[in-house]
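*Asks:* Below are the structure tokens for one structure; questions will follow.
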Amino acid sequence: MKLTPEVYLVGGGDYSFNLSHRLDCHVYVVKSGDEMAMIDAGFDGPEEIIQNIKDDGLDPAKITRIFITHYHADHTGALARMKRLLGAEVYAGVEAAPAIRTADAEQIGLKWAQQFKFYPPEFVWEPTPVAHEFKDGDKFAVGSLEIEAILTNGHCNGHYCLLLRGGTRSYLFSSDMVFWGGTIILQNVADSNVQEYAKSMNKVLTYEFDALLPGHSCISLRNGRRHVQRAANAFNQIGLPDNLRL
Ligand SMILES: [Zn+2]
């Protein structure tokens with residue numbers, strides 16, 4: 001699904017638009033000329049996602065990098081297979097890379113979530129080589145575009161938003177930090193943290209961007225900062241933003 005001249009939405013499940021496997025997060029493709037990069041890999045639908053890319057008239061073979069926003073299984077479950085199918089390299093945050101390399105299902109809360117069947121109990125997370133570890137403030141060129149990694153702890157440890165500049169507008173890929181309407185995903189897990197979450201929300205507001213492209217649910221192609229502002233307002237007045245309904 002072509003969103004703008006440089007961004008395509010190619011995957012997403014029940015908490016998205018059901019373009020691919022029901023547990024997939026939003027999977028995006030960024031394109032500039034002949035260069036393409038993927039943002040997140042989804043849970044278990046790589047073949048369908050690649051078909052969606054072809055149906056959009058794009059050549060999946062031109063995707064050379066997969067950027068991972070954080071290690072949760074709905075963003076990384078399909079990563080090993082996606083990497084093999086595309087022949088792409090994986091770029092992940094320095095905090096998440098060890099768990100991705102070793103498929104540490106305990107660390108990312110996957111085992112726990114399988115116990116109550118949020119994820120299928122039979123699912124096995126596959127270890128995936130990470131070619132490059134990024135940290136806060138690192139920048140990458142995709143053709144004439146630039147992606148900047150912004151460390152945003154709170155939803156989980158080592159969560160990154162990715163800021164895309166240089167196209168028809170600027171974009172914040174907010175992943176699971178903030179969603180349409182200023183909702184968040186604060187979870188009852190060891191590495192989800194309210195104070196870190198509030199800090200990250202205010203940190204992101206120091207950046208300028210037009211579009212908010214989250215990891216699930218609705219998208220704003222313009223005026224996207226209003227959603228972040230709304231979440232920050234709730235945090236900054238003692239309270240909590242609403243949680244996204246899953
Ligand atoms: Zn998540």
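Every number in this text was worked out from the coordinates using simple rules, so none of it is lab data. Being a predicted model, the structure only gives us computed values, none of them experimental. Here the Cβ positions follow ideal geometry from the backbone for every residue, glycine too, while neighbour counts run over all protein chains shown.
*Asks:* Does V228 count as touching a residue at least 40 places away in the same chain (Cβ under 8 Å), assigned to a loop (DSSP other than H, G, I, E, B) and either of a type in the set (V, I, T) or surrounded by fewer than 19 Cβ atoms within 10 Å (Cβ to Cβ) (or both)?
*Replies:* Criteria not met by V228.
*Asks:* Hey, could you check the stretch 196-224 for residues that are touching a residue at least 40 places away in the same chain (Cβ under 8 Å) and over 17 Å from the mean Cα position of the chain (by Cα) and say which is surrounded by the fewest Cβ atoms within 10 Å (Cβ to Cβ)?
*Replies:* So in the stretch 196-224, the residues touching a residue at least 40 places away in the same chain (Cβ under 8 Å) come out as 196-201, 203-204, 207, 209-217, 219-222, 224.
When the remaining residues are screened for being over 17 Å from the mean Cα position of the chain (by Cα), the result is 196, 198-199, 203, 207, 210, 222.
Details: E196: 18, A198: 19, K199: 15, K203: 18, Y207: 15, D210: 17, R222: 10.
Going through the qualifying residues, I end up with R222.
*Asks:* Still on this structure, I have one more. Can you tell which of A99, A131 is of a type in the set (A, V, I, L, M, F, W, C), closer than 30 Å to K31 by Cβ and surrounded by 19 or more Cβ atoms within 10 Å (Cβ to Cβ)? Before you say what the answer is, go through the steps one by one.
*Replies:* Values: A131 fails: surrounded by 19 or more Cβ atoms within 10 Å (Cβ to Cβ).
After ruling out the rest, the residue left standing is A99.
*Asks:* Among the residues of the stretch 148-162, is there at least one that is among the hydrophobic types (A, V, I, L, M, F, W, C), closer than 22 Å to K2 by Cβ and either crowded, with 17+ Cβ neighbours inside 10 Å or in contact (Cβ under 8 Å) with a residue 24 or more places away in the chain (or both)? Give the steps one after another, and end with the answer.
*Replies:* Going residue by residue through the stretch 148-162, those that are among the hydrophobic types (A, V, I, L, M, F, W, C) are 149-151, 156, 161-162.
Next cut, closer than 22 Å to K2 by Cβ only: 162.
With either crowded, with 17+ Cβ neighbours inside 10 Å or in contact (Cβ under 8 Å) with a residue 24 or more places away in the chain (or both) added as a condition, the list becomes 162.
Among the residues of the stretch 148-162, at least one is among the hydrophobic types (A, V, I, L, M, F, W, C), closer than 22 Å to K2 by Cβ and either crowded, with 17+ Cβ neighbours inside 10 Å or in contact (Cβ under 8 Å) with a residue 24 or more places away in the chain (or both), which makes the answer yes.
*Asks:* Does at least one position in the stretch 92-110 carry a residue that is closer than 26 Å to D59 by Cα and under 15 Å from the mean Cα position of the chain (by Cα)?
*Replies:* Pass one, the stretch 92-110, residues closer than 26 Å to D59 by Cα: 92.
This time we only want the ones that are under 15 Å from the mean Cα position of the chain (by Cα), so: 92.
Yes: one or more hits.
*Asks:* Further question: Only one of these conditions is not met by L85: (1) in contact with a helix residue (DSSP H, G or I) (Cβ under 6 Å, 6 or more places away or on another chain); (2) closer than 22 Å to Y160 by Cα; (3) of a type in the set (A, V, I, L, M, F, W, C); (4) away from the ligand (no atom under 16 Å from the Cβ). Which number is it?
*Replies:* Failed condition: (2).
*Asks:* Does the stretch 181-211 hold any residues that are within 16 Å of the ligand (Cβ to nearest atom) and farther than 19 Å from G158 by Cα, and which are they?
*Replies:* T183 - this is the single residue of the stretch 181-211 that is within 16 Å of the ligand (Cβ to nearest atom) and farther than 19 Å from G158 by Cα.
*Asks:* Taking the stretch 57-82 only, how many residues are surrounded by 24 or more Cβ atoms within 10 Å (Cβ to Cβ), over 21 Å from A149 (Cα atoms) and more than 14 Å from the ligand (Cβ to nearest atom)?
*Replies:* Number of matching residues: 2.
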